[in-house]
Amino acid sequence: MSLPNHVTKWVRVNHEHIFKGSFGKLLGSQEAKIVELSKTAASFQFVLPSRLEFSKDQGLSCSAAMAIFDDLSTIGFMAGDATGRPGVSVHLTTTLLRSVPVGTDLTLKTSIDKVGAKMGFTSMKLVLTKDPEVVVAVGRHVKYLPIGNWLIDNIILHPSIWPLLVNNLLYEDGTNFFEKAGLVKPFVQQIPFEEKANVFKAMNFAPSSKPVMSTRVTQAFCNPMRSMHGGAVAMSAELACQNARPAGAAPGSVVTDLSVVYYSALVGDITVEAKPDEHDPFVSGGILRRSKSTQAAAQFTARWGNVKPASS
């Protein structure tokens, strides 16, 4: 079933403009071509950019796959929801099945399993574009959809009002009527980031042998709501796990399974802590929190193993 015109416009403007003012620009996910978009499924084609290379021996990492899943499955949520809500991540899981180098042409297939009043569920599969039978990674994404503002959730996003706002107040370049009138600041901001730089290195975690790292969340690593992007959280978690390899992680093994649970927004100075699991020799885990807080803003678990090249 084809989507209404206002939904198509809303999704396209977000994908092409609004999301590019966030971490999605660095991921390259917003350069992805939309191949399919409906209320129940979405698919995207893109080339894995060199700035996402985890190491010389590993192109696509589990956390980078999760970050791409996070960004592009959000487009699916927006198409499947009656009022196009992007929501906030509650739980993301990803399993890396095959290794692929940068420059690989990939296709992401998203199944929109359920979108309700408060929660949304999708499942994702990343495959080789030239050979869709070769699955590179799979994942699941759970989102909390309400914005949290009574006026927005109950009035502005009402199914009878929202289409009128999109059709009449949202422009194709990602701006809106209130910006054009000078009533609010521009929503989409330019990201001060060298696009050819490696994203993992640009997170500016100081090299350390300790499983505790600190950095500052800059605009380049935020979502459009100005807090740390869920994908950036995942990539930070995998970086921290490199200093907390479990006993069963043999040389050459990588993070093959990653699970991240999100509790609250991360802004400003943050700390990432990781350590080997006490009960499983193949698992690392840890938390992310604001530097001045003792409460976890996100919790992660990573399982180590080996993956075969996609060509084998």
Could you bin all the Cα-Cα distances of region 158-312 into 10 Å bins starting at 0 and give me the percent of pairs in each, rounded to whole numbers? 10, 30, 27, 18, 11, 4
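Relative to the present Cα-Cα distance, how much length would full extension add between Ala247 and Lys201 at 0.36 nm per residue of separation? Before the final figure, lay out each step's value.
Details: separation 46, 0.36 × 46 = 16.56 nm, distance 2.58 nm.
This chain segment gains 14.0 nm when fully extended.
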For the table Lys39/Lys201; Lys185/Lys275; Lys9/Lys185, the rows whose alpha-carbon distance is greater than 32 Å are Lys39/Lys201; Lys185/Lys275
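On average, how much area does the Cα convex hull of the chain cover when viewed from any direction, in nm²?
On the way: hull surface 65.7 nm².
With every direction weighted equally, the projected area is 16.4 nm².
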Of Phe178, Phe282, Phe23, the most mobile residue in a GNM of the chain (C-alpha springs, cutoff 10 Å) is Phe178
Express the Stokes-Einstein translational diffusion coefficient of region 20-177 in µm² s⁻¹, to the nearest whole number, given a Kirkwood radius over alpha-carbon pairs, 37 °C and a viscosity of 0.692 mPa s. 199
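Scale the Cα Rg of region 100-222 by the rule-of-thumb value 2.2 N^0.38 Å and send over the ratio, two decimals. Write out the running numbers ahead of the final one.
Working: Rg = 20.2 Å, N = 123, 2.2 N^0.38 = 13.7 Å.
The reported ratio for this selection is 1.48.
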Could you pull out every one of the aspartates and glutamates with an alpha carbon less than 13 Å from that of Lys118, ignoring same-chain neighbours closer than 8 positions? Asp81, Asp153
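Exposure proxy check: Met119, Met213 ranked by fewest other beta carbons within 10 Å?
Values: Met119 14, Met213 23.
Neighbour counts put them in this order, fewest first: Met119, Met213.
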Can you run the Rg to Rh ratio on region 1-110? Use alpha carbon positions and the Kirkwood inverse-distance Rh. 0.97
So, over other residues within a Cβ distance under 14 Å of Ser99, counting Lys, Arg +1 and Asp, Glu -1, the net charge is +1
Which of these, Lys275, Lys56, Lys292, has the largest mean-square fluctuation under a Gaussian network model of the chain (Cα springs below 10 Å)? Lys56
If I build a Gaussian network model for the chain, linking alpha-carbon pairs within less than 10 angstrom, which residue out of Pro132, Pro49, Pro186 has the largest mean-square fluctuation? Pro186
PRE reach from Ala82 (point 7 Å along Cα→Cβ): which of region 145-180 fall under 19 Å by backbone N? 145-167
Provide Ile270, Ile34 in ascending order of the number of other Cβ atoms located within 10 Å of each residue's Cβ, fewest first. Ile34, Ile270
Ranking Ser50, Leu60, Ile18 by how far each Cα lies towards the positive end of the charge dipole of region 1-61 (+1 on Lys and Arg Cβ, -1 on Asp and Glu Cβ), the top one is Ile18
Return the distance in nm (one decimal) between the two label points of a simple spin-label model at Ala117 and Leu151, each offset 7 Å from Cα along Cα→Cβ. 2.3
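Throughout, read-outs are computed from the coordinates displayed, never taken from laboratory work. Keep in mind it's a predicted model, so treat the numbers as computed, not measured. For neighbour counting, all protein chains shown are included, and Cβ atoms are generated from backbone atoms with ideal geometry for every residue, glycine included.
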